[in-house]
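The values are calculated or read from the model by the stated rules, or taken from the named source; none is laboratory data. In this text the structure is predicted, and so the values were computed from the model without any measurement. As a convention, Cβ positions derive from the backbone with ideal geometry for all residues, glycine included, and neighbour counts pool all protein chains shown.
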Amino acid sequence: MLFNLRSLLRISKLSALFLFGAVCGALMSSHPALGFHSGGVGECEGCHTMHNSKEGTNVGAGGAALLKGSDATSTCLLCHQASNLPGPTTFHVSTPDGEILAGSPPKQLSPGGDFAWLKKTFTWYPDMVSPLKTSPGERHGHNVVSLDFGYQPDGTHLTAPGGGYPSQSLSCISCHDPHGKYRRNLDGSVTTDGHPIKASGSFDVSPAPDAQTSVGSYRMLGGSGYAPKGVGGALAFIYPPPVALAPLNANRSEATSQTRVAYGSGMSDWCRNCHTGNVHNGANGFLHPTSGSASGSSTGTLDSTMTAYYNSYVKNGDLSGIEATAYLSLVPFEIGTSSYFVLQSILGNTPTKGPNSADGTPSVMCLSCHRAHASSWDYGTRWNANTSQIGSNGKYSEEGALYQPYGQGRTEAEALQGYYQIPETKFDPNQQKLCYKCHATLPQ
Ligand code: HEC
Ligand code: HEC
Ligand code: HEC
Ligand code: HEC
Ligand code: HEC
Ligand code: HEC
């Protein structure tokens, strides 16, 4: 397929859209039945409406890039949210409003997380003397803006903390390139043109790039130079997409086994595309190093002592773990390699393996603590970092009790879903915070 989207995108919007019919006809026949994006640009008609019409109604000229939804996020959610799904299902990342009513958690358990957590606000009394506490929905992650699906911009952070990216403009395409132009090539470089993209590059089973073809960037994330049209060049990304691979079925309950994403390298820098300043230099109240280039004095490397500790830590006071089964998806680490062979072999052979300096230089990174989309907890953390214990008396929540210092207003179903259905019995009945997966001791 020799069509070059970039040259099409360079010519004027109107004439480009005029060409849709012709171009898309050619594109559709070239896409395998399995996927929609297949790591690159999907069928134009999946997102754009032809001939100025929106589901049969004329919308007139000038609708934003003639998208099928009112805005970019709404267009994505036409497919990425669906009603009445039985549970976590493939590529869905949002649960409809009617299915997250009082006490019912969002359904999707993908590594990035279900955006519907942004619509759930929790309140509780921690004890007899404190006032009512609130964990507002907007604190639970990245507030993508969607008119059609009721996602509002963040009202507190007007820009990305540590940077200038406007919250009003935050959408799926702030992070993911809708046209999937970023591709990784045989020599390891990432470019926006060159060889055609043959498949998604996100998975352990993704094919390797070769001399004629490339694969998509991890999750079609934008890289150097990326900025959606409305945002402007000054905020364009500096860093490339992260090196990472996911299992094909990554959206699943972790009740009996964990979902391992092999984070290789570059994730913290990728987040710094928008969080340009060091958000955890202590100025915002929390001091912590992370992997990557802008980490300050510490690189976030897990030294041999911390590596051994991660591998042995099972739960409070239990250090009987072994490297082969040490991985905890609530506290992932970066393997510290840009080799896709290493990532593939870990996912294929020893998916639950803990850190080992033979695989790379293991480090703490942004996603060791946060989810990329949203979570049940404040600041989109993977576990409740807002309290001293993640469990109490063998439960994640004190559902029904007058005072709820740990579950913090979540029902047990909501809290359990917040932990991706990993049973509390995996931990101590009064499990401490998961900083202790890496740290033997912490300053108080
Ligand atoms: C017409 C339906 C449809 C629309 C619209 C759609 N997607 Fe998808 N998306 C899919 C399907 C199907 C998959 C899984 C198969 C695949 O990746 O091709 C998927 C997968 C993805 C993935 C994972 C891809 C990978 O290679 O790991 C990302 C990221 C994604 N979509 C982002 C978006 C964004 C951002 C938008 C809006 C700009 C969007 N999608 C719009 C159907 C859609
Ligand atoms: C996954 C959804 C998706 C698919 C598939 C898709 N687009 Fe787009 N397209 C978008 C979004 C979202 C925008 C708005 C981008 C922005 O604001 O930066 C857009 C914008 C555009 C624009 C306007 C760009 C500009 O700079 O004004 C053109 C032209 C375009 N798309 C062409 C295409 C063509 C041709 C195809 C098929 C080969 C295609 N698109 C497939 C989502 C998609
Ligand atoms: C702030 C950046 C950001 C925004 C905004 C964002 N994503 Fe993502 N998305 C990511 C990252 C990073 C990953 C990889 C997460 C991982 O592997 O831990 C991801 C993963 C995904 C996946 C793969 C499944 C998963 O959850 O891991 C899909 C599908 C997806 N995103 C679609 C979307 C859609 C649709 C939207 C808008 C409704 C969106 N994303 C908004 C950064 C973002
Ligand atoms: C495209 C720009 C962009 C990228 C890339 C990005 N963020 Fe953000 N982030 C924002 C904006 C804008 C906000 C403020 C709006 C909000 O909180 O919803 C924000 C807020 C946050 C918050 C605060 C959430 C809250 O509810 O208070 C966290 C935590 C965060 N980002 C972490 C990350 C991590 C981790 C990554 C990398 C996986 C990342 N961000 C990548 C733009 C970005
Ligand atoms: C060791 C765990 C950990 C790591 C690693 C980490 N964070 Fe955080 N992050 C937190 C916690 C905990 C909070 C809540 C902080 C607080 O209450 O002061 C937070 C808060 C935030 C906020 C909200 C700040 C605000 O002013 O509201 C942003 C943005 C953020 N993190 C982004 C990032 C990015 C980007 C990275 C990687 C460069 C990162 N974090 C790495 C644990 C972590
Ligand atoms: C994935 C492993 C990991 C997790 C989880 C983790 N840390 Fe760390 N932490 C590190 C590493 C690595 C360092 C750097 C050690 C060094 O430089 O010697 C560090 C350093 C620190 C420091 C010293 C910071 C400085 O620059 O002086 C503090 C304080 C800290 N962590 C607190 C926490 C807290 C609180 C949590 C939980 C919210 C946490 N850590 C979770 C790996 C982790």
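Annotations
- If you go through region 429-444 and pick out every residue that is assigned to a loop (DSSP other than H, G, I, E, B) and out of contact with any Gly (no Cβ under 7 Å at 6 or more places or on another chain), you end up with 8.
- Of the criteria (1) at pLDDT 95 or above; (2) within 16 Å of ligand 4 (Cβ to nearest atom), which one residue 251 fails: (2)
- The single residue among 136, 111 that is at pLDDT 95 or above and under 22 Å from residue 221 (Cα atoms) turns out to be 111.
- Residue that is under 22 Å from the mean Cα position of the chain (by Cα) and either in contact (Cβ under 8 Å) with a residue 40 or more places away in the chain or more than 22 Å from residue 311 (Cα to Cα) (or both), where the choices are 419, 406: 419
- Qualifying position, being assigned to a loop (DSSP other than H, G, I, E, B) and crowded, with 22+ Cβ neighbours inside 10 Å, among 103, 87, 113: 113
- Checked against the criterion of being buried (at least 23 other Cβ atoms within 10 Å of the Cβ), in a loop (DSSP other than H, G, I, E, B) and touching a strand residue (DSSP E or B) at 6+ places or on another chain (Cβ under 8 Å), region 376-384 contains one or more residues that satisfy it.
- Counted residues, region 150-177 - those being of a type outside the set (Asp, Glu), part of a loop (DSSP other than H, G, I, E, B) and in contact with a Leu (Cβ under 9 Å, 6 or more places away or on another chain): 6
- Yes/no for residue 120 being surrounded by 14 or more Cβ atoms within 10 Å (Cβ to Cβ), touching a residue at least 24 places away in the same chain (Cβ under 8 Å) and more than 20 Å from the chain's Cα centre (by Cα): no
- Selection from region 170-197 of residues that are surrounded by fewer than 24 Cβ atoms within 10 Å (Cβ to Cβ), touching a strand residue (DSSP E or B) at 6+ places or on another chain (Cβ under 8 Å), touching a residue at least 40 places away in the same chain (Cβ under 8 Å) and closer than 20 Å to residue 343 by Cα: 190
- Yes/no for residue 303 being free of Cβ contacts under 8 Å to residues at least 60 places away in the same chain, charged (D, E, K, R) and closer than 30 Å to residue 210 by Cβ: no
- Checking each residue in region 125-147 for being in a loop (DSSP other than H, G, I, E, B) and β-branched (Val, Ile, Thr) picks out 129, 144, 145.
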